[in-house]
Amino acid sequence: MNSRSIYKRLYALASGIVLTLVFQAASAQESVKPLSLNEAISLSLQNSKQLKASQARIEAANANVKTANERQLPDVTVSGSYLRLTQPNIDLKLGKSGGGGSGAPAESPKVNQAAYGMANVSIPVFAGMMIQSGKEAARYLAQAAKLDADKDRDDVIENTIGAYSNLYKATQAVKLMEENLKQSTQRVKDFSNLEKNGLLARNDLLKAELQQSNYELSLMDAQNSLKVANLNMNIMLGLPDATQLQLDTTVFKVDDKVDGRGVGEFEQLAYQNRKDAASLGAKEKAAYANVKGVKGEYYPSLAVTGGYVAAYIPNVVTITNAVTAGVGVKYSLSSLWKTGSKVANAKAQLAELQANEARLTDAIHLDVVQSYENYLLSRKKMDTYIKAIEQSEENYRITKNKHDNNLATTTDLLDADVANLQAHLNYTFARADALVAYNKLLQASGILDNNK
């Protein structure tokens with residue numbers, strides 16, 4: 001192999017490596033996605049399996065409404081048959097006289113086939129209000145299905161906000177741990193130089209190295225939590241698993257979102273806007289209609305009927321234009337002793353729904369008050385953590401100065417560093433928790449979707 005050939009191969013190999021690196025860099029850039037909170041909510045609503053199931057329930061309820069409406073439409077049946085027969089013995093009495101005659105017996109017609117057709121129409125007029133009650137119940141249940149879907153939508157929004165906040169926490173935790181690990185690594189280097197020059201005890205260096213190791217472990221945990229939070233968010237949004245999300249941190253700004261509104265105002269909003277309460281109310285109305293429908297079995301049913309009959313039996317008879325019309329009444333005597341248990345069951349279902357409404361009223365009251373207090377608590381925590389950061393930073397500065405002047409121990413310095421890190425973590429997490437707590441208050445008040 002000559003040198004020219006070797007150069008060609010090396011050039012091709014180098015070109016391939018460069019193209020691969022360029023492609024990987026481009027792919028890495030394409031996998032990073034800036035994501036605002038509103039965009040996250042929109043994507044989660046589009047890809048939610050829970051909402052797709054809710055939509056299927058709405059479609060089923062709408063189909064039940066259509067089925068209930070169709071019960072008042074005419075019932076039309078058409079039937080017909082063509083039959084092949086053996087040689088039957090037919091003795092027609094028609095046309096025979098009681099007196100004399102030729103005395104010869106009449107010859108029976110030969111019949112080996114027959115055909116007939118029938119058409120019937122029945123229009124319900126009265127069915128003990130069962131049809132109207134069924135229509136009413138189906139409409140209320142369809143309304144309840146829609147309200148349940150709206151509640152599921154609020155749940156998806158709240159879950160998305162929670163996942164967004166958790167991803168923010170994980171991202172900030174990694175950043176803080178990386179920063180502290182960098183400072184800890186530099187401290188170990190400084191202490192190592194001091195120890196080599198006999199200016200620092202070996203034990204103090206080991207303490208610094210131990211803290212560095214602990215920070216490294218904490219960083220590993222934080223990075224793992226970040227990967228899981230990022231994956232969870234990608235699954236919720238329907239994005240590829242490898243997508244790296246960059247969050248909009250401006251949504252975590254610190255301000256008072258309740259604007260002086262008291263808990264009573266939020267509770268009143270909840271009674272007016274909660275989808276689960278409205279859904280239960282619609283189900284109660286459907287249960288009332290169901291009780292009326294079941295009681296309808298005590299009454300007879302009335303229908304207008306009509307029909308047409310045609311028949312053809314060769315050598316015997318041909319029937320055409322046989323039109324029937326009339327009124328039909330149907331009553332089941334067994335309903336007198338069978339319907340009572342059905343009515344009792346329907347009333348029991350109604351009573352259960354009424355009891356659930358009372359329970360839900362108490363649950364709404366507790367949910368709103370608890371959510372309101374949790375939001376106020378998150379606000380107070382942020383104020384406290386802001387002071388804690390100021391105190392921890394000043395404490396670390398003073399302790400470091402003392403340590404540099406041999407007035408504080410290494411343990412004091414490392415403890416001050418950990419306290420400073422914890423204060424920053426607490427404040428970062430509190431900002432995310434405050435956003436979640438406020439939106440939980442909106443969800444408890446039934447107005448979460450109105451604010452998105």
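The figures follow:
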| read-out | value |
| --- | --- |
| Pair list, Cβ < 7 Å and 6+ apart or interchain, from segment 393-409 residues that are farther than 16 Å from ASN420 by Cα and among the acidic types (Asp, Glu) to residues that are at pLDDT 90 or above and exposed (fewer than 11 other Cβ atoms within 10 Å of the Cβ) | none |
| Count of residues meeting criterion [in a strand (DSSP E or B) and surrounded by 15 or more Cβ atoms within 10 Å (Cβ to Cβ)] in segment 290-311 | 10 |
| Residue list for segment 312-333, restricted to those being over 27 Å from VAL76 (Cα atoms) and surrounded by fewer than 14 Cβ atoms within 10 Å (Cβ to Cβ) | PRO314, ASN315 |
| Number of positions in segment 128-142 that are modelled with pLDDT under 90 and basic (Lys, Arg) | 1 |
| Residue satisfying all of: in segment 288-304; under 43 Å from the mean Cα position of the chain (by Cα) and among the β-branched types (Val, Ile, Thr); nearest to LYS347 (Cα to Cα) among these | VAL291 |
| Filtered residues of segment 395-431 (kept if of a type in the set (D, E, K, R) and either within 18 Å of GLN212 (Cβ to Cβ) or exposed (fewer than 15 other Cβ atoms within 10 Å of the Cβ) (or both)) | ARG397, LYS400, ASP404, ASP412, ASP415, ASP417 |
| Residue that is farthest from the chain's Cα centre (by Cα) [pool: residues in segment 114-145 that are among the hydroxyl-bearing types (Ser, Thr, Tyr) and assigned to a helix (DSSP H, G or I)] | SER133 |
| Yes/no for ASP221 being of a type in the set (Asp, Glu), without any contact (Cβ under 8 Å) to a residue 60 or more places away in the chain and assigned to a helix (DSSP H, G or I) | yes |
| LYS387 being surrounded by 14 or more Cβ atoms within 10 Å (Cβ to Cβ) and more than 27 Å from the chain's Cα centre (by Cα) | no |
| SER192, sole failed condition from (1) of a type in the set (S, T, N, Q); (2) closer than 16 Å to GLU39 by Cα; (3) more than 41 Å from the chain's Cα centre (by Cα) | (2) |
| Complete set of residues in segment 224-241 that are surrounded by fewer than 18 Cβ atoms within 10 Å (Cβ to Cβ), in contact (Cβ under 8 Å) with a residue 40 or more places away in the chain and under 20 Å from the mean Cα position of the chain (by Cα) | ASN232, GLY238 |
| Contacts under 6 angstrom Cβ, first residue in segment 337-348 being β-branched (Val, Ile, Thr), partner surrounded by 14 or more Cβ atoms within 10 Å (Cβ to Cβ), 6 or more apart | THR339/GLU297; THR339/TYR298; VAL343/VAL294; VAL343/LYS295 |
| Test: residue in segment 193-200 that is over 20 Å from MET177 (Cβ atoms), part of a helix (DSSP H, G or I) and in contact (Cβ under 8 Å) with a residue 24 or more places away in the chain | no |
| Top-ranked residue in segment 312-354 [being in a helix (DSSP H, G or I) and of a type in the set (Ser, Thr, Tyr); ranked as farthest from ALA119 (Cα to Cα)] | SER341 |
| Where ALA358 falls short, out of the listed (1) aliphatic (A, V, I, L, M); (2) more than 27 Å from TYR427 (Cβ to Cβ); (3) loosely packed, with under 15 Cβ neighbours inside 10 Å; (4) in contact with a helix residue (DSSP H, G or I) (Cβ under 9 Å, 6 or more places away or on another chain) | (4) |
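Yes/no matrix, rows are residues, columns are (1) modelled with pLDDT of 90 or more; (2) among the small types (Gly, Ala, Ser):
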site	(1), (2)
ALA344	yes, yes
ALA348	yes, yes
ASP362	yes, no
TYR385	yes, no
ALA430	yes, yes
ASP449	no, no
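The values are calculated or read from the model by the stated rules, or taken from the named source; none is laboratory data. No experiment lies behind these values; they were computed from the predicted model shown. Positions of Cβ are generated from backbone atoms using ideal geometry, with glycine treated the same way; all protein chains shown enter the neighbour counts.
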